[in-house]
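Asks: Pasting a structure below so you can have a look.
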Amino acid sequence: MDKKNALRAGALAAGTTLMMLLMSSPALALSRDDGDDPGPGLSAWETIGLYVLIPVGLFVVIAGLVMVLDKSRSGSSAPKS
């Protein structure tokens, strides 16, 4: 019974994805809206920095803070036997 449910769920997900792809029309993106004033484009390095390096850096900083604060608390709040 699990295989049947998995197949049904997979077919539903594939059908939904296909319908979403067919319903979204990329050709509409070519027409400009009134008042549309796009700025200058980003270079490849600016794009990589903005969408890859900054999020990875924030992740490292947050993970480091969590590890440092967790280690400082683990010694003082250890369960007593």
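Asks: To the nearest 10 square angstrom, what accessible area does L12 show with a 1.4 Å probe?
Replies: Ignoring ligands and nucleic acids, L12 comes out at about 120 Å².
Asks: Once you place label points 7 Å from the Cα toward the Cβ at A44 and V61, how far apart are they in nm?
Replies: 2.8
Asks: With r as the distance between the Cβ atoms of A13 and S72 and R0 = 35 Å, compute the FRET efficiency 1/(1 + (r/R0)^6) and round to 0.05. It would help to have the intermediate numbers written out before the result.
Replies: Details: r = 45 Å, r/R0 = 1.27.
The pair S72/A13 has a calculated efficiency of 0.20.
The values are calculated or read from the model by the stated rules, or taken from the named source; none is laboratory data. Everything numeric here is computed off the predicted structure, so don't read it as measured data. Methodologically, a virtual Cβ is constructed for each residue, glycine included, from the backbone with ideal geometry; neighbour enumeration extends over all protein chains shown. Surface areas here come from the heavy atoms of the whole protein model, side chains and all, with no ligands, DNA or RNA. Shrake-Rupley method; radii C 1.70, N 1.55, O 1.52, S 1.80 Å.
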